[in-house]
Amino acid sequence: MTVSDMTALIKELRHIVGEPNVLADPEDCQCYGFDASRLKGCPECVVFPANTQEVAAIIRLANRNRTPVFPRGAGSGMVGGAIANRRGLALVLTRMNQIFEIDADNMLAVVQPGVVTAMLQERARQLGLFYPPDPASLKFSTLGGNVAMGAGGPRALKYGVTRDYVLSLQVVLPTGSQIRTGTRTAKGVVGYDLTRLMVGSEGTLGIFTELVLRLIPAPQCTRTLSVLFADLDEACRAVNAILKQRVVPSTIELMDRETLRVVDRYLQLGLPAEAEAMLLIEVDGRPSEVDQDLRTIEQTCNRSTPMELRIAHTEAERELLWRARRSVSPALGKISSGKINEDVTVPRSEIAALIQFTRTLARKHHLTIVCFGHAGDGNIHTNIMLDRDNQDELTRAEHAVEELFCRVLELGGTISGEHGIGIAKSPFLEWELGSEGVAAMWRIKQALDPLDILNPGKMFQPDRAFFRP
Ligand SMILES: Cc1cc2nc3c(=O)[nH]c(=O)nc-3n(C[C@H](O)[C@H](O)[C@H](O)COP(=O)(O)OP(=O)(O)OC[C@H]3O[C@@H](n4cnc5c(N)ncnc54)[C@H](O)[C@@H]3O)c2cc1C
């Protein structure tokens, strides 16, 4: 686009959303040129719409000018999904941050996409209701971003992920027309399930401007315990043994040997050197059920001779048990200047095999690999630690990632349980879906976005220039 075309476009954008809601100064635009992936792509201008009509008008204008549009929430994505890899406009939805309605009778919320996840959770909690999806970024990521990425968190085992709470969406399509998918009712089977198509579409098929989200009754209480094992297989077997006792904890977090060592050094916990794995387990519900579940978990874990089992009796003790898990990120920050954080997911029965494989990879490529995550749903965050200035180490780490993905697929898993594809994982999309699977998805994209206006170069069409920095 020429400078004069861009100047004319900015003028029209200012007409749509008002002068202060368009940024065109390159220094301002830089602030919207990255996300949590460390990939970079600076937009030519940044626009902040206030409602669906403004979003639709911007998209129609972008179509007329053949200008790429990059939808953006809080920019906390891990795969470069919100960055402007082809210049164009960053469409930032954070001004659209109203909770329009909490319907306690029908247990649903109607919200704009820019609402921060934790804010909806807090409003629901005040009414005795619960919005369970809990990405670790919930204090800053937006609901629109969560829906676009199909975000999940530790509670997925019992409560599911964002996808399971989306009833209906108002969507501005890439051509500028508007549709409403789904219904406000629990049941509804009219036509294709476009809501499911939109969830996890990573800003490539439409812009969500209003979300109807399902709420559920809030659990009355939560109890927490931690269990330390001298054997990884034993820890993984304990997870399945608990579930076989018909207890579904809200959370089962696992930290492997390497993670425990790093956290122990950081917090000076004095963990035994032989510790191979720790499980952090939470149960929630009615007090009588929760106490019974806790007893069952304790008995089940004790059958496998753990090194230590601790139950929190107070909120302060609960916080103490969570301390090790919550300290993983800062502790990792102390041992390396960078890391590649993969969110691979395998069937629960293969978690031990996955972690053992990462140990083989670490030895083969002379790397430190740290595994922790959600043992209940098989989503194990595999962190390859590296010095970002060491090109040789980066190359070895990238080879390790490719071998990891191959092994995960052999184990019946997926290369992304939470973070999505974006730019970072686009070269590997076909590994999981096959060429026909990718081609079918691309045909859907072309049908809805014939000019490839919305978030181009994401998910499909790997663009080498934007791979890992
Ligand atoms: C410290 C940290 C912890 C994290 N923990 C988790 C975790 O536990 N689980 C997890 O799943 N993820 C996690 N993430 C990743 C990230 O927070 C999620 O992917 C989140 O859903 C992104 O929300 P966002 O508002 O930041 O979206 P952005 O990063 O701004 O955008 C993400 C994608 O959504 C699209 N998009 C945004 N808004 C809309 C909209 N209204 N309509 C259409 N498309 C839109 C964008 O185009 C982009 O492709 C974590 C990230 C960080 C930095």
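The values are calculated or read from the model by the stated rules, or taken from the named source; none is laboratory data. As the structure is a computational prediction, the values presented were derived from the model and not from experiment. Counting neighbours? That spans all protein chains shown, and the Cβs are built from the backbone with ideal geometry, glycine included. Only protein heavy atoms, including side chains, enter the accessible area calculation; ligands, DNA and RNA are left aside. Shrake-Rupley method; radii C 1.70, N 1.55, O 1.52, S 1.80 Å.
With 0.36 nm allotted per residue and the present C-alpha distance subtracted, the residue 12-residue 435 stretch has 148.2 nm of extension available.
For the pair region 153-196 / region 438-453, the C-alpha centres are spaced 20 Å from each other.
Across the chain, C-alpha contacts under 8 Å between residues 6 or more apart give a mean separation that, scaled by the residue count, equals a relative contact order of 15 percent.
Packing order of peptides 64-70, 10-16, highest average first: 64-70, 10-16 (average count of other Cβ atoms within 10 Å over each peptide's residues). Measuring spread by the Cα atoms of region 102-211 yields a radius of gyration and Dmax of 13.4, 40 Å.
Applying 1/(1 + (r/R0)^6) with R0 = 35 Å to the Cβ-Cβ distance of residue 359 and residue 106 gives a FRET efficiency near 0.10.
With 18 Å as the limit on Cα-Cα distance, the pairs of 158/339; 334/425; 158/244; 40/458; 425/458 that go past it are 158/339; 334/425. You can think of it this way: the chain between residue 316 and residue 288 has 7.9 nm of extra reach, that is 0.36 nm per residue less the Cα-Cα gap.
Using the 1.4 Å probe convention, the accessible area of the chain works out to 44 Å² per residue with neighbouring protein chains retained. Note on region 216-314: Rg/Rh from Cα positions, Kirkwood definition for Rh, rounded to two decimals, is 0.99. In units of the rule-of-thumb radius 2.2 N^0.38 Å, region 21-160 shows an alpha carbon radius of gyration of 1.13.
If you wrap region 102-163 in the convex hull of its Cα atoms and look at it from every side, the mean projected area works out to 4.0 nm².
One Cα centroid belongs to region 231-289, the other to region 1-75; the line between them spans 46 Å. Overall, the ratio between the Cα radius of gyration of region 268-380 and 2.2 N^0.38 Å, rounded to two decimals, is 1.23.
Translational diffusion of region 1-73 was estimated from the Stokes-Einstein equation, with Rh taken as the Kirkwood radius over Cα pairs; at 10 °C and 1.306 mPa s the coefficient is 124 µm²/s. Both radii were evaluated on the Cα set of region 67-146; the Rg over Rh quotient, with Rh as the Kirkwood radius, amounts to 1.05. Here r is the Cβ-Cβ distance between residue 185 and residue 99 and R0 is 30 Å; the resulting FRET efficiency, rounded to 0.05, is 0.90.
Each DSSP beta bridge with both residues in the chain is either parallel or antiparallel, and the antiparallel ones are about 85%. If the segment from residue 25 to residue 119 were pulled out straight at 0.36 nm per residue, it would be longer than the present Cα-Cα gap by 30.7 nm. Working from the Cα coordinates of region 310-469, the gyration tensor eigenvalues give, after taking √(5λ), semi-axes of 31, 20, 17 Å in decreasing order. Overall shape of the chain was characterised from the C-alpha gyration tensor. The equivalent ellipsoid obtained from it has semi-axes of 39, 27, 19 Å, in decreasing order. Using the Cβ-Cβ distance between residue 387 and residue 414 with R0 = 22 Å, the FRET efficiency computed as 1/(1 + (r/R0)^6) comes to roughly 0.15. With point charges of +1 on the Cβ of Lys and Arg and -1 on the Cβ of Asp and Glu, referenced to the Cα centre of the chain, which listed residue (26, 380, 190) lies farthest in the positive direction of the dipole? Of 26, 380, 190, it is 190.
Give the aspartates and glutamates reachable from residue 187 as a straight Cα distance under 19 Å; neighbours fewer than 8 places away on the same chain don't count. The qualifying aspartates and glutamates are 103, 105, 164. Enclosing the Cα atoms of region 399-465 in their convex hull gives a volume equal to 100 cubic angstrom per residue.
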